[in-house]
Amino acid sequence: MPEPLWWQSGTIYQIYPRSFQDSNGDGVGDLDGIRSRLDYLTWLGVDALWISPIFPSPMADFGYDVADYCDIHPLFGSLAAFDALVADAHARKLKVILDFVPNHTSDQHPWFRESRSSRDNPKRDWYVWRDGKSGDAPPNNWLSQFGGPAWTFDAVTRQWYLHSFLRQQPDLNWRNPEVRAAMYAVLDFWLKRGVDGFRVDVIWLLIKDEALRDNPVNPGWEPGQSEHRRTLNIHNADQPEVHDIIADMRRLLDRYHERVLIGEIYLPVEKLVTYYGKDLAGAQMPFNFQLILAAWNAPTIARLIEDYERNLPPGGWPNWVLGNHDQPRIAARIGAAQARVAAMLLLTLRGTPTLYYGDELGLGRVTIPPDAVQDPWEKNEPGLGLGRDPSRTPMQWDAGRNAGFTTADKPWLPLDADYARMNVQALRAQPQSLLNLYRALLDLRRQHLALSSGSFTLISSDADMLIFERSFGDERLIVALNLDHEPQPLPDHLAEAEVLLSTSMDRQGRLAEPLLRANEGLVLRP
Ligand code: GLC
């Protein structure tokens with residue numbers, strides 16, 4: 001068996017740069033701030049950081065509206081600050097993954113300014129422009145993911161342009177070879193600067209039906225759901241041609257040493273796995289969000305793990321994500337007690353784990369007062385609970401003012417009210433804290449090839465107890481997770497097992513009695 005690559009054996013840590021560490025007192029995190037916290041990441045034991053967008057941007061979607069792909073937003077620093085961060089990270093053997101946002105630019109990007117200026121501008125066809133239907137109707141019924149139509153009428157040239165997200169985020173036309181070349185040059189720019197890979201934003205949306213056919217209506221839509229769910233995304237997503245583009249990107253990365261291509265993809269498993277590409281020439285890791293989306297019970301989770309394992313193409317490397325900047329935090333979804341079990345699950349499954357900053361502190365849904373709302377989605381569709389601010393609040397470092405995040409009067413989003421208790425400094429000092437559990441799990445994963453590289457076998461998922469085996473060579477480890485709030489007896493064959501780690505962090509060695517306590521997970525040597 002070949003030596004695993006860094007992105008196979010390692011763990012990825014996602015940083016939302018506005019919220020990790022402010023170094024210049026403006027209330028927003030930045031690159032020097034991240035650099036000053038690298039020792040924390042090595043202490044924790046992760047291997048790579050993925051940083052959400054840091055490029056010049058009007059911030060209509062907080063950086064996911066890029067106005068220049070080859071520079072750094074002054075809010076975050078400069079190219080020199082970026083180089084310093086990469087150098088310091090690499091000196092600590094930490095990899096750096098950037099966020100690449102190819103589906104759309106900002107409406108302030110020079111390409112779009114040109115494109116909208118006249119119908120015969122050379123950049124006109126870099127975006128998707130169409131006449132409306134008779135009357136004042138947009139070209140088709142596609143909807144923006146943030147509510148409203150996916151088309152905006154532009155008075156200058158009296159045509160509509162497509163935007164899968166905000167109207168400030170016009171979609172690029174990936175059918176145009178010039179667009180492809182320009183965007184591949186962006187990848188090359190950062191690869192030359194030493195980045196170790198990319199997380200590609202909404203990669204499954206890149207290319208759309210050539211005829212721009214209407215989407216079918218979704219019969220399952222209910223009031224209270226996001227408006228864009230009113231139709232089924234058949235013709236504006238997951239088109240066969242997308243795989244050629246991804247293969248191009250991959251070929252480009254493969255010209256460099258051990259770089260990784262990760263795709264953001266929200267699709268059912270059978271479709272998700274097609275993004276590994278024919279002969280694995282696509283993304284090395286199509287992000288697997290199933291743990292974020294699934295109901296939290298043992299039978300459901302067992303089924304989704306098995307489905308995923310069964311669907312993986314031969315040689316395709318699995319991965320698991322527990323949280324990100326678009327989703328409710330894990331502790332908010334399943335509660336503090338089960339968040340410990342979730343940590344053990346994430347870090348003992350087969351495949352690369354991605355964890356979201358702050359989840360290691362147990363951050364939940366932080367309350368955002370109405371006048372502090374930032375997220376454009378919440379502003380467009382208020383009150384439906386779609387807003388993403390509650391999962392994007394500042395990292396909590398200590399019990400001091402603004403939790404050590406900023407010296408400004410106010411951080412850009414409020415802190416969790418409980419930050420005096422829930423912060424890195426306080427939790428580091430408590431041997432049984434969630435933070436120390438994450439660290440112990442990362443350490444265990446590093447020490448045991450069975451966990452980082454071994455095979456996976458489901459043993460049982462009765463009641464609300466999930467038991468599986470990981471093995472490598474002669475080593476067999478058992479992971480037993482109690483997803484219930486009641487104690488449960490362990491099966492007889494585990495009666496004599498040795499505890500390597502309990503989520504409670506209060507027992508090791510031979511099991512005194514074959515029992516899994518409420519909300520407990522164990523890594524066992526049988
Ligand atoms: C992705 C990002 C999300 C962003 C959207 C538009 O889903 O993760 O934060 O709003 O794309 O770029």
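Side notes on the structure shown:
- Residue in the stretch 196-209 that is small (Gly, Ala, Ser) and under 27 Å from residue 14 (Cα atoms) present: yes
- For residue 339, the criteria (1) open to solvent by less than 10 Å² (accessible area, probe 1.4 Å); (2) not in a helix (DSSP H, G or I) hold in every case but one, which is (2).
- Taken together, 264, 210, 222 contain a single residue that is more than 16 Å from the ligand (Cβ to nearest atom), touching a helix residue (DSSP H, G or I) at 6+ places or on another chain (Cβ under 9 Å) and on the phi < 0 side of the Ramachandran plot, which is 222.
- Any hit, the stretch 344-351, residues being outside any loop (DSSP other than H, G, I, E, B), open to solvent by less than 20 Å² (accessible area, probe 1.4 Å) and closer than 29 Å to residue 168 by Cα: no
- Selection over the stretch 320-344 of residues that are farther than 15 Å from residue 363 by Cα, more than 16 Å from the ligand (Cβ to nearest atom) and either among the charged types (D, E, K, R) or within 17 Å of the chain's Cα centre (by Cα) (or both) gives a count of 1.
Yes or no, residue by residue, for (1) modelled with pLDDT of 95 or more; (2) within 30 Å of residue 397 (Cα to Cα); (3) assigned by TED's automatic domain parsing to the domain that holds residue 356:
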residue	(1), (2), (3)
424	yes, yes, yes
427	yes, yes, yes
430	yes, yes, yes
436	yes, yes, yes
445	yes, yes, no
449	yes, no, no
460	yes, no, no
465	yes, no, no
472	yes, no, no
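- The single condition among (1) assigned to a loop (DSSP other than H, G, I, E, B); (2) within 16 Å of the ligand (Cβ to nearest atom) that residue 27 does not meet is (2).
- Count - residues of the stretch 418-468 that are in a helix (DSSP H, G or I), surrounded by 19 or more Cβ atoms within 10 Å (Cβ to Cβ) and hydrophobic (A, V, I, L, M, F, W, C): 11
- Qualifying residues in the stretch 43-80 (those that are among the β-branched types (Val, Ile, Thr) and away from the ligand (no atom under 15 Å from the Cβ)) - the one surrounded by the fewest Cβ atoms within 10 Å (Cβ to Cβ): 72
- Residue in the stretch 84-101 that is under 27 Å from residue 380 (Cα atoms) and free of Cβ contacts under 8 Å to residues at least 12 places away in the same chain present: no
- The set of residues in the stretch 14-36 that are surrounded by fewer than 21 Cβ atoms within 10 Å (Cβ to Cβ) and in contact (Cβ under 8 Å) with a residue 24 or more places away in the chain comprises 25, 26, 27, 32, 35.
- Taking helices (runs of 4 or more DSSP H) as the structural unit, those lying wholly within the stretch 216-295 and holding at least 3 residues that are open to solvent by 60 Å² or more (accessible area, probe 1.4 Å) and within 25 Å of residue 172 (Cα to Cα) correspond to 242-254.
- Unique match (being touching a Ser or Thr at 6+ places or on another chain (Cβ under 9 Å), over 20 Å from residue 296 (Cβ atoms) and outside the structural domain of residue 501 (by TED's automatic domain parsing)) among 386, 347, 363: 386
- Residue that is nearest to the ligand (Cβ to nearest atom), among those in the stretch 129-178 that are part of a strand (DSSP E or B) and within 24 Å of the chain's Cα centre (by Cα): 171
The values are calculated or read from the model by the stated rules, or taken from the named source; none is laboratory data. Here the structure is a predicted model, which is why all the values come from computation and not from measurement. Note that each Cβ is placed from the backbone with ideal geometry, even for glycine, and that neighbours are counted across all protein chains shown. Only protein heavy atoms, including side chains, enter the accessible area calculation; ligands, DNA and RNA are left aside. Shrake-Rupley method; radii C 1.70, N 1.55, O 1.52, S 1.80 Å.
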